[in-house]
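To start, the structure itself, in structure tokens.
Read the figures in this text as sums done on the coordinates, not as results from a lab. Since this is a predicted model, take the numbers as computed values, not measurements. Here the Cβ is made from the backbone with ideal geometry for all residues, glycine too, and neighbour counts use every protein chain on show.
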Amino acid sequence: MPDFEHLSPPQQRKELLSAVMEHCPGAVWEGDALHYPGQALRVALEFGQTGSQEDRFSAQLLFILHHDWFDEELVESCASIGHSLEEAMKACAEEFSESVLKSVLASFDDTHQETFTADVMNEKHIFHVPDEIPVMHKGKGAPADLFGIIKDKISGYLGKKRAYWVKLYSADMGDKQFCEARINGVVYPDLTDLLYQEIFRRSDRQISIDKLFLLFTQDSATFKPCPFTKQNVGELTFMTLDLLKQITDETSRQNVTEEIRKFCPEYSIFVELISFLPEIAAQKIVDFRDNDGLIPVINRGKPEFMLKKSQVRSYGYMEDAFDQYLRKRVPSQEEIDNLLRLSSKFEVIIRAMQNDEVKIQDLRLSELVYFVNEHYYIW
């Protein structure tokens, strides 16, 4: 067989997935991907960026996991270096297997699991996670207890989906520190701050990297199938943005709002579209540090509920759809300005930036308050 570097991409993919199978046995081949029949899980692989400098090679691999419980693909990016392209890529495969796939496979085992209860506007949802979770640790420093730091908070980020994957990461390189908390691929700043506060105040800090991956699965007793899909929300997002960007005054706002109400299948999606999309546009375009929280206020009364964006299924769907909208529709600057003017957080930023001493990266915005009626229901 030729050297790894001279193999075709399909041959390289097969060799790398074979390495994954060595670390996590039980899979069978399904075309050019792995299938774990016991867990009904499919694992595919795509190639990311590669590079070389002198005798060092860098590689990035994207592992894509499919399961009926995932309403979107679970995509994990792994990067590594080695003395050859093969060594770098196989190190990626090992990292994925040991720190992600083993945890995912264990999540479908009903034994030895810990239970968490999420409260979504007084509706309880029970989730399970393996009580023994593989942890990746490199370096001289003591391993960081990443899960211990966020354990008391994580229930507040779980909503009504069948599965949530949580990735916690910290790197202390001496002069540089980095932390990240992701849920279903999205970074949550407030949860990330918890990691920063705990990890980098330790007196025994040394160069080290820690990574932890958890898959929370909802108990069938509390799970309710959602009546809409990510694609449905994406289509509604495009239709709504096409109208919102036309708003220039109060009259056009009222007319557009009524048009949106007509094509929305039900009230809850309608109010989320008109409440969330201007704020998503502002955050994506201005790139400020947002807050994780949402506060639905019923009939303009006293706030009763505090939510996280991860608990409201449509929020993440709209974020993804907005990114696609920018690429496909390419709105003009005038249309973008019209969207930004609809955002309450953008108004706060503009007022704050009038103070020359305030930097946008230092702003800490409050939760998003949006007004609903008694029929509002979160999926």
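Checked against the criterion of being of a type in the set (K, R), under 24 Å from R182 (Cα atoms) and under 25 Å from the mean Cα position of the chain (by Cα), the candidates R329, R313 yield just one match: R313. P9 meets the conditions (1) in contact with a Leu (Cβ under 7 Å, 6 or more places away or on another chain); (2) over 11 Å from M89 (Cα atoms); (3) not aliphatic (A, V, I, L, M) in every case but one. The failed one is (1). Which residues, counting only those in the range 157-192, are over 25 Å from L368 (Cα atoms), of a type outside the set (K, R) and without any contact (Cβ under 8 Å) to a residue 40 or more places away in the chain? Matches in the range 157-192: A171, D172, M173, G174, D175, Q177, F178. Selection of the range 212-261 for residues being of a type in the set (G, A, S) and in contact with a strand residue (DSSP E or B) (Cβ under 8 Å, 6 or more places away or on another chain) yields only A221.
Based on what the data block shows, is D145 free of Cβ contacts under 8 Å to residues at least 40 places away in the same chain and within 22 Å of the chain's Cα centre (by Cα)? The answer is yes for D145.
Yes/no matrix, rows are residues, columns are (1) in a loop (DSSP other than H, G, I, E, B); (2) surrounded by 17 or more Cβ atoms within 10 Å (Cβ to Cβ); (3) not polar (S, T, N, Q):
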position: V20; (1), (2), (3): no, yes, yes
position: E46; (1), (2), (3): no, no, yes
position: Q49; (1), (2), (3): no, no, no
position: S52; (1), (2), (3): no, no, no
position: F57; (1), (2), (3): no, yes, yes
position: F63; (1), (2), (3): no, yes, yes
position: E76; (1), (2), (3): no, yes, yes
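Against the list (1) surrounded by 14 or more Cβ atoms within 10 Å (Cβ to Cβ); (2) without any contact (Cβ under 8 Å) to a residue 12 or more places away in the chain; (3) assigned to a helix (DSSP H, G or I), the condition V233 fails is (2).
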